[in-house]
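The values are calculated or read from the model by the stated rules, or taken from the named source; none is laboratory data. A quick note: this is a predicted structure, and the numbers were derived from the prediction, not measured. No Cβ is skipped: glycine too gets one built from the backbone with ideal geometry, and neighbour counts run over all protein chains shown. For the accessible areas, the whole protein counts, side chains as well, though only heavy atoms, and no ligand, DNA or RNA atoms are used. Shrake-Rupley method; radii C 1.70, N 1.55, O 1.52, S 1.80 Å.
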Amino acid sequence: MQVSPLAKSAVNEYISRYGTFPTALVAAPGRVNLIGEHTDYNGGFVFPLAIERYTVIAAGPKEEDPQSPPTATFWTDSFDEEATIPLDRPVPPEDKVTWMSYVAGTVAGCLEKGMKASSFNAVIRSDVPLGGGLSSSASLEVAVATLMEKLSGSTLEGPEKALLCQHAEHAYAHMPCGIMDQFISAMAREDHVMLLDCRSQETTFVPMSNPDIVVLVTNTNVKHQLSGSEYPERRHACEEVAKILGVPLLRDTTLEALEAAKERILAQENGEVMFRRARHFLTEEIRTRNLCEAMLQRNWKTVGQQMYAGHQSLRDDYQVSCPELDYLVNKAYSIGLNGGMIGSRMTGGGFGGCTVSLVFRHALEAVQEALENDYFARTGIHTTSFATRPAAGAMVLPTP
Ligand code: ADP
Ligand code: MG
């Protein structure tokens with residue numbers, strides 16, 4: 001398992017900082033979403049998998065005056081910084097967000113659940129790129145919650161743990177994220193993709209067991225400056241259409257109902273855009289189901305078609321793509337099934353970030369090289385990419 005070298009380095013770091021072996025070792029993965037984009041806030045489906053990139057934490061008891069309240073000290077490799085929080089009570093959120101906000105928020109959530117721990121030191125190491133759209137933040141939260149489970153001896157149910165971590169991100173990092181990132185990091189299964197119903201919070205694991213197929217994540221290494229209104233505007237457009245259709249969420253309607261109400265929607269100010277935003281969501285729901293079914297049947301051609309169609313919809317109807325993402329997806333399309341490329345699309349919020357592709361392993365190197373060369377020729381920017389199989393969710397590892 002690829003988590004081992006990282007875990008070893010966390011253990012070594014712990015030993016060199018504290019002079020003893022850690023007594024707890026945990027890991028939680030980052031994630032990538034295969035399809036179901038901009039669907040969570042409409043109560044729709046997402047289809048993420050955990051990647052073989054993890055946040056690892058090594059921890060052990062800290063000697064302290066038994067009279068004083070217990071504390072936890074965290075050090076992170078990513079910032080080479082240390083911070084300490086009390087463990088006798090949850091610390092309140094602060095306006096200023098730092099890396100410690102994610103940690104403190106998660107610890108607070110655990111303390112509120114009555115999970116008690118004695119004073120400890122912890123070393124955090126991660127190979128999930130920070131801010132790269134692969135959810136380093138959720139993997140950090142879920143790793144901290146898993147550590148608190150191990151140290152307190154109590155366990156959290158998967159969804160309970162994911163929601164606790166999501167709450168930490170909302171309340172302490174002031175990031176109003178959906179439930180996908182924490183659910184997949186906490187609950188992922190090796191060789192499976194998770195179909196998550198964002199409304200009912202129900203999960204279904206779809207096997208992706210063929211080891212000859214890998215998930216390729218390619219970073220455009222661009223992030224376009226946004227005004228900040230892009231996401232709220234899209235969300236608002238979806239809510240407006242739901243209102244016109246008389247349903248609480250777009251999830252509660254169909255593409256047919258949307259088409260039937262087209263005239264009414266177009267009559268609104270900005271109606272054309274509203275219609276397209278809703279059409280993206282409703283067609284994405286269909287694509288997500290189609291992709292799941294095709295994956296179960298190992299019908300890779302259909303899987304690929306759903307991915308390309310999903311990209312087009314994000315580009316044209318939802319308008320969250322950018323030229324760089326389009327270059328990568330167009331090149332993937334031209335490589336085609338014969339070249340070992342099953343399908344490709346942008347993943348994440350958009351306006352930069354990564355594409356996700358499914359690739360036959362035998363063609364992986366050739367595909368990576370073709371994407372890199374074509375992208376560099378067009379943009380003068382190098383891609384960074386890595387391949388992964390669907391990984392397991394948060395885990396407690398054996399200590400040395
Ligand atoms: P993403 O989740 O897409 O990687 P975010 O902006 O949501 O990007 O989260 C990144 C932030 O999460 C970082 O700026 C940092 O505050 C925190 N973070 C994630 N991983 C670590 C880590 N290993 N150590 C410290 N902080 C981390
Ligand atoms: Mg994040």
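For the reader, a short list of remarks on this structure follows.
- Accessible area per residue (1.4 Å probe, heavy atoms of protein chains only) ranks K161, K301 as K301, K161, with the largest value leading.
- When each of the peptides 120-129, 182-191, 228-237 is scored by the mean number of other C-beta atoms lying within 10 Å of its residues, the order from highest to lowest reads 182-191, 120-129, 228-237.
- Between 0 and 90°, nearest 10: helix 230-245 axis offset from the chain longest Cα axis: 60
- Accessible surface of the chain, 1.4 Å probe: 50 percent of it comes from carbon and sulfur atoms.
- Summarising the label geometry, the points placed 7 Å from Cα in the beta-carbon direction at S68 and V273 lie 5.6 nm from one another.
- If you take the Cα centroid of region 215-254 and the Cα centroid of region 55-127, the two points sit 34 Å apart.
- Among T204, M115, V222 the positive-end extreme of the charge dipole of the chain (Cβ point charges): T204
- Anisotropy class of region 268-343 from Cα gyration tensor, a/c 1.5 cut: oblate
- Annotation for region 345-400 versus region 166-190: alpha-carbon center distance of 22 Å.
- FRET efficiency for the pair A83 and E365, taken as 1/(1 + (r/R0)^6) with r the Cβ-Cβ distance and R0 = 51 Å, rounds to 0.75.
- Distance between the pseudo-spin-label points of N221 and D326 (7 Å out from Cα toward the beta carbon): 2.2 nm.
- Net +/- balance of residues flanking L258 in space, Cβ distance below 11 Å, scoring K and R +1, D and E -1: +3
- Sites L266 and R378, calculated FRET efficiency, Cβ-Cβ separation with R0 35 Å, nearest 0.05: 0.45
- Net charge of the neighbourhood of T55, taken over other residues with C-beta under 11 Å away and scored Lys/Arg +1, Asp/Glu -1, is -1.
- Folded to 0 to 90 degrees: helix 323-335 orientation relative to the chain principal axis, Cα: 70
- The packing ranking, built from the mean of other Cβ atoms within 10 Å per residue, places the peptides 41-48, 28-35, 73-80 in the order 28-35, 41-48, 73-80, highest first.
- The base-10 log of I(q)/I(0) for region 224-294, evaluated at q = 0.21 Å⁻¹, reads -0.87 [Debye formula, identical scatterers on Cα atoms, solvent excluded].
- In order through region 199-213: 3J(HN,Hα) via Karplus (6.51 cos²θ - 1.76 cosθ + 1.60), integer Hz, x for Gly, Pro: 8, 8, 6, 7, 10, 10, 9, 9, x, 10, 8, 5, x, 7, 10
- Unit Cα scatterers, Debye sum, region 213-388: log10 I(q)/I(0) for q = 0.09, 0.14, 0.17, 0.18 Å⁻¹: -0.35, -0.79, -1.03, -1.10
- Length gained on full extension, E157 to E94, computed as 0.36 nm times the residue gap minus the Cα-Cα distance: 19.9 nm.
- Alpha-carbon geometry of the chain: the Rg and the Dmax are 21.9, 72 Å, given in that order.
- Ligands, DNA and RNA are left out, and with a 1.4 angstrom probe the accessible area of region 4-207 is 39 Å² per residue.
- Between the Cα long axis of helix 3-18 and the first principal axis of the chain there is an angle of about 30°, rounded to the nearest 10.
- Checked against a 21 Å cut-off, the cross-linked pairs K62/K161; K262/K301; K62/K113; K301/K331 give Cα-Cα distances beyond that limit for K62/K161; K262/K301; K62/K113.
- Computed from the C-alpha gyration tensor, the three semi-axes of the ellipsoid equivalent to region 4-207 are 28, 18, 15 Å, from longest to shortest.
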